[in-house]
Amino acid sequence: MRVLGIDPGLRTMGWGVIDVSGARLSHVANGLCLSGEGDLAQRLLALFDQLTDICARFEPTAAAVEQTFVNKDASGTLKLGQARAVALLVPAQRGLVVGEYAPNAVKKAVVGVGHAGKDQVAHMVRFQLPGVELAGPDAADALAVAITHAHHLQSAGRMSAAVRSAETRAKTPRGAVDGWAEIARTRVKGGAA
């Protein structure tokens with residue numbers, strides 16, 4: 001599985017891609033999408049184009065975006081929300097279901113503390129992805145989102161497998177189980193049939 005994590009921002013949007021194989025995580029790439037100067041529509045288009053290129057280049061199979069909350073001013077909150085919409089739209093266009101995680105949930109999953117600082121997040125990202133060179137704090141946050149999503153998907157997969165197993169056992173008639181047990185006992189006592 002390949003997971004794309006996105007830390008949305010209007011000026012700087014962090015992104016990170018990891019590969020997941022069982023419990024093993026490995027760094028693929030990370031970087032920053034920069035919107036530049038100009039009117040809002042052109043800045044959003046720049047973010048859209050860059051993120052579209054990243055998705056085409058790395059072909060993620062899963063994606064997650066950090067949720068944002070209200071800033072100090074309403075105008076800044078609206079602009080951040082529009083950048084976040086780009087972060088949700090691009091992976092959705094590729095048919096990916098996009099996970100969303102609150103900043104405190106990401107910090108708790110990666111660092112173990114919900115109010116960890118950016119330097120602590122970057123340190124734990126480097127610890128979990130040895131050899132990674134971070135493009136900046138926003139890229140570290142994006143990799144942390146990807147790591148959180150990978151853990152969530154693994155937990156959901158284990159839960160789904162457990163539910164399927166329980167449903168299979170519940171559908172098996174009790175008499176059939178007793179019959180299989182009797183056949184096994186007979187083979188053990190009298191040898192293979």
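Bear in mind that the values in this text are calculations on the coordinates, not laboratory data. In this text, all values refer to a predicted model and were calculated from it rather than measured experimentally. We place every Cβ from the backbone using ideal geometry, glycine too, and count neighbours over all the protein chains shown.
Remarks
- Approximate spin-label separation Glu59-Glu100, in nm, with each point projected 7 Å along Cα-to-Cβ: 3.0
- Subtracting the Cα-Cα distance of Asp39 and Phe127 from their residue separation scaled by 0.36 nm leaves 27.8 nm.
- Binned Cα-Cα distance frequencies in the range 2-151 - 5 Å width, integer %: 2, 11, 21, 24, 21, 13, 6, 2, 0
- Peptides 33-45, 49-61 ranked from most to least packed by the mean count of surrounding Cβ atoms within 10 Å: 49-61, 33-45.
- C-alpha center-to-center spacing [the range 47-125, the range 135-153] in angstrom: 8
- Radius of gyration and maximum dimension Dmax of the range 35-105, Cα, Å: 13.0, 36
- R0 of 22 Å, Cβ-Cβ distance Gln67-Arg11: FRET efficiency to nearest 0.05: 0.75
- Karplus 3J(HN,Hα) series, Hz, for the range 7-21 with 6.51 cos²θ - 1.76 cosθ + 1.60 (x for Gly, Pro): 10, x, x, 7, 7, 9, 10, x, 9, x, 10, 10, 9, 10, 10
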